[in-house]
Amino acid sequence: MIRIRLSRGGKRNKPFFSIVAIKRSKKAKGGSPLAILGSWQPDKKRLTLDKEKLNSWVSKGAQVSLTLKNLMKS
């Protein structure tokens, strides 16, 4: 199963999140992403997302995480 979720990067107290399509695993850092769909910078409150890629992965059966769904609403 493929999941679209946030992947944390950046430094301590300066988080940066990539929005990635990745195979679902029980490990928090489970494997390399299949595709990078965008990014989120919480300190600047900036969300960039390639909606065409997102829709393509969702049509293939990928599930969007709850956190990412809530971010896209706001």
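For each pair in Lys23/Lys53; Lys51/Lys73; Lys45/Lys69; Lys14/Lys44; Lys23/Lys45, compute the distance between the two Cα atoms and list the pairs where it is over 22 Å.
Working: Lys23/Lys53 16 Å; Lys51/Lys73 14 Å; Lys45/Lys69 15 Å; Lys14/Lys44 10 Å; Lys23/Lys45 27 Å.
Beyond 22 Å: Lys23/Lys45.
Just to be sure I understand the model, the point goes 7 Å from the Cα along the line to the Cβ. What's the resulting Val58 to Lys23 distance in nm?
Placing both labels 7 Å beyond Cα along the Cβ direction yields 2.5 nm.
Assuming R0 = 22 Å, what is the FRET efficiency of Lys44 and Arg12, from their Cβ-Cβ distance, to the nearest 0.05?
Details: r = 17 Å, r/R0 = 0.79.
With a Förster radius of 22 Å, E is 0.80.
So what is Rg over Rh here for the stretch 2-73, counting just Cα atoms and using Kirkwood for Rh? Intermediate values should be presented prior to the final figure.
Values: Rg = 11.9 Å, Rh = 12.5 Å.
With Rh from the inverse mean 1/r over Cα pairs, Rg/Rh is 0.95.
Excluding same-chain residues fewer than 8 positions from Lys60, which aspartates and glutamates have a Cα within less than 18 Å of its Cα?
Partners found: Asp50, Glu52.
Tell me which trypsin sites (Lys or Arg not before Pro) from the chain have a DSSP coil assignment and no more than 16 other beta carbons within 10 Å of their own. Write down the numbers at each step before the final one.
Values: sites: Arg3, Arg5, Arg8, Lys11, Arg12, Lys23, Arg24, Lys26, Lys27, Lys29, Lys44, Lys45, Arg46, Lys51, Lys53, Lys60, Lys69, Lys73; in loops: Arg12, Arg24, Lys26, Lys27, Lys29, Lys44, Lys45, Lys60.
The qualifying sites are Arg12, Arg24, Lys26, Lys27, Lys29, Lys44, Lys45, Lys60.
Between Ile36 and Lys51, what length comes free when the chain is fully extended (0.36 nm per residue of separation minus the Cα-Cα distance, one decimal in nm)? Could the numbers behind the result be given before it?
Numbers: separation 15, 0.36 × 15 = 5.40 nm, distance 1.17 nm.
Gain in length upon complete extension: 4.2 nm.
Computed from the coordinates by the stated procedures, all read-outs in this text should not be read as laboratory data. All values reported here derive from a predicted model rather than from experimental measurement. Note that we place each Cβ from the backbone using ideal geometry, even for glycine, and neighbour counts take in every protein chain shown.
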